[in-house]
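Novice: Pasting a structure here, questions to come.
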Amino acid sequence: MPLQKLQFKPGVDRENTRYAAEGSWYETNKVRFRRGMPQKIGGWVRLSNQTFLGICRSMLNWVTLQGQNLVTVGTNLKYYIERGGAYYDITPIRSTVTLTDPFTTFLGSAVVRVDDLAHGALEGDFVTFSGATAVGGLTLNNEYQISFIDEDSYTITAETTASSTATGGGTVTAAYQINTGNEIAVPFTGWSAGTWGAGTWGFGGATDAPMRLWSQANFGEDLFFTYRGGAPFYWDASNAVTTRAVYVSSLGGASDVPVIVNKAFVSDIFRFAFCFGANDLGTSVLDPMLIRWSDQEDVANWTPEATNQAGSLRLSRGSEIITALQARQEVLVWTDTALYGMQYLGAPEVWGAQLLGDNITIASTNAAVYSGNIAYWMGTDKFYLYDGTVQTLPCAVRSYVFNDFNVSQYAQVVAGTNERFDEIWWFYCSAESTQNDRYVVYNYMQNIWYYGTLSRSAWIDADLRENPMAATYSNNLVNHEVGYDCQETATPFPITATLVSSEFDLDDGDKFMFVKRMLPDVTFEGSTADAPAATMTLSPMENSGSGYNNPLSEGGNSSATVTRSATVPIEQFTGQVFVRVRGRQMAFKIESTELGVAWKLGIPRLDMRPDGRRG
């Protein structure tokens with residue numbers, strides 16, 4: 001009988017059973033689709049041997065007027081500028097104080113006690129000492145991480161152990177960096193957590209301690225940034241890359257600068273600095289629905305006057321502003337239940353807001369992206385897009401994603417574009433994970449979805465650099481779409497790429513078919529291995545849903561390795577493989593597990609014959 005083609009629609013369908021999704025792919029990992037055909041994704045390589053402290057949650061790439069190509073790296077512990085693979089600490093200084101004989105050393109111990117009344121430091125904060133004289137054999141002029149004891153003292157760990165128990169250090173300058181934040185959202189437990197105890201005798205209502213989330217934008221070549229719940233900061237790119245950022249309130253001409261902010265933003269065209277979620281004038285209390293903006297072209301002046309354009313407005317739908325993005329003709333602003341569009345109106349109103357969509361959700365501050373004049377975002381149980389109208393984005397893997405999701409870690413969701421392949425990526429935590437370990441991809445040109453496993457905490461596209469860049473949980477950055485292996489360390493590791501089809505009928509699905517031969521159709525173009533190979537597996541069944549490896553298959557699943565044999569004049573590979581499988585339905589799988597392997601799948605064919613109706 002004629003050869004049966006194994007031809008499937010691009011993308012993955014997990015909204016149906018394996019059999020009801022016939023004609024589609026059902027499982028993917030490290031696989032994408034181009035022009036409808038599946039292929040292994042590109043690999044990644046670490047940016048440099050250097051690492052940073054903390055988990056990176058935010059990145060921004062720009063080029064200064066001097067031609068410096070810079071990337072911000074905002075972690076829960078520090079804020080860095082990356083240049084040429086090196087990380088420069090520009091974390092702002094919270095306070096600087098002068099102390100007298102603050103150190104107490106202990107014989108044979110590297111732990112040093114530091115006394116400073118009302119120091120304001122938290123566990124894990126950083127302090128830099130200068131001007132200290134030796135005490136207990138230690139000279140402590142360096143940066144140290146703080147271990148908290150109480151509000152008037154803390155401990156640090158010196159580079160070596162003390163030679164005696166002593167108190168001293170002379171006149172010491174202590175520069176405290178801004179307080180550090182959490183790696184992840186930490187659910188509150190115990191008395192007063194949740195709604196129990198809410199009222200005058202209990203706090204109630206709190207659900208978690210938030211993780212550190214940064215937001216930043218360019219004000220010209222400079223940097224305007226903050227963390228959620230902090231004050232706004234400013235970094236002047238004309239200074240040395242080692243110069244620390246400062247509080248906006250410390251700039252010349254500063255006036256009524258917000259003291260607590262949830263998100264920093266700068267409008268592209270009109271050059272206003274925005275704070276989304278901020279304290280109102282005359283208060284220090286956060287209003288999570290208030291938007292404030294500075295005078296035009298002046299990041300320091302936030303006092304509304306008849307002679308400037310500083311101002312504010314409050315949104316009404318929702319309980320807090322989550323994020324904002326620059327669109328083509330407006331600024332898009334998401335609250336936890338609505339989407340607004342802000343337009344520049346000129347004096348005296350300056351900026352106005354229009355409700356674009358209501359009864360929506362958004363997973364996190366970093367869950368939205370803007371690409372091709374369309375905004376895409378992940379909600380708490382579905383995906384959305386805005387192209388002039390807010391719409392639910394149909395998703396063929398929606399159940400798969402949201403039925404296995406750690407809802408206590410929505411804040412970790414990060415979205416990014418990969419324009420080279422027309423893709424939107426979202427990274428998220430599966431139900432049993434407290435760090436992003438899964439990804440889901442929407443290909444907007446083909447209108448398809450696929451997914452896999454990959455741990456990334458931040459992502460930026462290849463706008464000003466050659467490749468997309470992501471942050472790992474190993475405290476470094478990696479360049480994506482480089483080669484076909486994982487090169488996060490000095491030793492490369494292979495990327496396992498897997499693709500499994502839905503169940504499909506052999507012939508009419510009624511009688512048994514005996515498959516004796518498979519004709520693969522695959523190319524290994526781009527591989528660096530000497531003999532790249534991929535394994536193709538046929539998994540037959542007696543009936544749909546009956547499971548694989550059943551006794552009716554002679555030997556159960558039948559796998560074959562397809563290997564490239566020549567590259568000129570055209571690429572050649574294993575022409576045919578002989579198998580012995582028997583069933584009514586079948587699933588097909590291709591997988592590669594070796595270093596240096598790249599593959600693109602075409603349309604394999606099966607050679608089979610009828611083999612009766614009974615088992």
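Novice: Can you name the number of the only condition in (1) among the aliphatic types (A, V, I, L, M); (2) at pLDDT below 95; (3) touching a Phe, Trp or Tyr at 6+ places or on another chain (Cβ under 6 Å) that LEU506 fails?
Specialist: Only one criterion is unmet by LEU506, namely (3).
Novice: Could you check how many residues of segment 384-412 are buried (at least 17 other Cβ atoms within 10 Å of the Cβ), within 25 Å of ILE55 (Cβ to Cβ) and in contact (Cβ under 8 Å) with a residue 40 or more places away in the chain?
Specialist: So the answer is 5.
Novice: Sort out which residues of segment 145-175 are farther than 19 Å from LEU107 by Cα and loosely packed, with under 13 Cβ neighbours inside 10 Å, and write them in order of number.
Specialist: ASP150, GLU151, ASP152, THR171
Novice: Looking at segment 157-174, can you tell me whether even one residue there is at pLDDT below 95, closer than 18 Å to ALA121 by Cα and either basic (Lys, Arg) or not in a loop (DSSP other than H, G, I, E, B) (or both)? Talk me through it step by step, then tell me what you get.
Specialist: From segment 157-174, those at pLDDT below 95 are none; that's our starting set.
The answer is no, given that none of the residues of segment 157-174 is at pLDDT below 95, closer than 18 Å to ALA121 by Cα and either basic (Lys, Arg) or not in a loop (DSSP other than H, G, I, E, B) (or both).
Novice: In segment 260-287, how many residues are within 28 Å of the chain's Cα centre (by Cα) and either buried (at least 17 other Cβ atoms within 10 Å of the Cβ) or among the basic types (Lys, Arg) (or both)?
Specialist: Filtering segment 260-287 down to residues within 28 Å of the chain's Cα centre (by Cα) leaves 260-269, 271-278, 286-287.
This time we only want the ones that are either buried (at least 17 other Cβ atoms within 10 Å of the Cβ) or among the basic types (Lys, Arg) (or both), so: 260-267, 271-278, 286-287.
Looking only at that region, the number is 18.
Novice: Could you list, in sequence order, all residues of segment 114-144 that are assigned to a strand (DSSP E or B) and either under 36 Å from the mean Cα position of the chain (by Cα) or crowded, with 16+ Cβ neighbours inside 10 Å (or both)?
Specialist: Result: VAL114, ASP115, PHE126, VAL127, THR128, PHE129, VAL135, LEU138, GLU143, TYR144.
Novice: In the set MET518, MET536, which member is of a type in the set (A, V, I, L, M, F, W, C) and over 15 Å from SER592 (Cα atoms)? Steps first, please.
Specialist: Values: MET536 fails: over 15 Å from SER592 (Cα atoms).
Exactly one residue qualifies, and that residue is MET518.
Novice: With respect to ASP116, determine if the residue is more than 28 Å from TRP214 (Cα to Cα), charged (D, E, K, R) and either at pLDDT below 95 or in contact with a Gly (Cβ under 6 Å, 6 or more places away or on another chain) (or both). Give the steps one after another, and end with the answer.
Specialist: Numbers: more than 28 Å from TRP214 (Cα to Cα): yes; charged (D, E, K, R): yes; either at pLDDT below 95 or in contact with a Gly (Cβ under 6 Å, 6 or more places away or on another chain) (or both): no.
It is false that ASP116 is more than 28 Å from TRP214 (Cα to Cα), charged (D, E, K, R) and either at pLDDT below 95 or in contact with a Gly (Cβ under 6 Å, 6 or more places away or on another chain) (or both).
Novice: Just for segment 238-254: of the residues that are surrounded by 16 or more Cβ atoms within 10 Å (Cβ to Cβ) and hydroxyl-bearing (Ser, Thr, Tyr), which one is nearest to PHE224 (Cα to Cα)?
Specialist: TYR247
Novice: Tally up the residues in segment 145-156 that are touching a strand residue (DSSP E or B) at 6+ places or on another chain (Cβ under 9 Å) and either touching a residue at least 60 places away in the same chain (Cβ under 8 Å) or not in a strand (DSSP E or B) (or both), please.
Specialist: The first filter runs over segment 145-156 and keeps only residues touching a strand residue (DSSP E or B) at 6+ places or on another chain (Cβ under 9 Å), leaving 145-149, 152-156.
Next, only the ones that are either touching a residue at least 60 places away in the same chain (Cβ under 8 Å) or not in a strand (DSSP E or B) (or both) stay: 146, 152.
Residues flagged as touching a strand residue (DSSP E or B) at 6+ places or on another chain (Cβ under 9 Å) and either touching a residue at least 60 places away in the same chain (Cβ under 8 Å) or not in a strand (DSSP E or B) (or both) within segment 145-156 amount to 2.
Novice: State which residue is farthest from SER267 (Cα to Cα) when the search covers only segment 311-370 and only residues that are crowded, with 21+ Cβ neighbours inside 10 Å and of a type in the set (Ser, Thr, Tyr).
Specialist: Going through the qualifying residues, I end up with SER364.
Novice: Tell me which residues, restricted to segment 65-96, are farther than 26 Å from THR365 by Cα and surrounded by 17 or more Cβ atoms within 10 Å (Cβ to Cβ).
Specialist: Our first condition is that a residue be farther than 26 Å from THR365 by Cα; within segment 65-96, this holds for 65-68, 84-86, 95-96.
Within segment 65-96, no residue meets the criteria.
Novice: How many residues are among the polar types (S, T, N, Q) and either buried (at least 16 other Cβ atoms within 10 Å of the Cβ) or assigned to a loop (DSSP other than H, G, I, E, B) (or both) when one looks only at segment 97-113? First the steps, then the outcome.
Specialist: Filtering segment 97-113 down to residues among the polar types (S, T, N, Q) leaves 98, 100, 104-105, 109.
Of the ones still in play, those that are also either buried (at least 16 other Cβ atoms within 10 Å of the Cβ) or assigned to a loop (DSSP other than H, G, I, E, B) (or both) are 104-105, 109.
Final tally of qualifying residues: 3.
Novice: Can you name the number of the only condition in (1) within 30 Å of GLY85 (Cα to Cα); (2) of a type outside the set (S, T, N, Q); (3) surrounded by fewer than 16 Cβ atoms within 10 Å (Cβ to Cβ) that GLY43 fails?
Specialist: The number of the failed condition is (3).
The values are calculated or read from the model by the stated rules, or taken from the named source; none is laboratory data. This is a predicted model, so every value here is computed, not measured. Neighbour counts run over all protein chains shown; Cβ positions are idealised from the backbone, glycine included.
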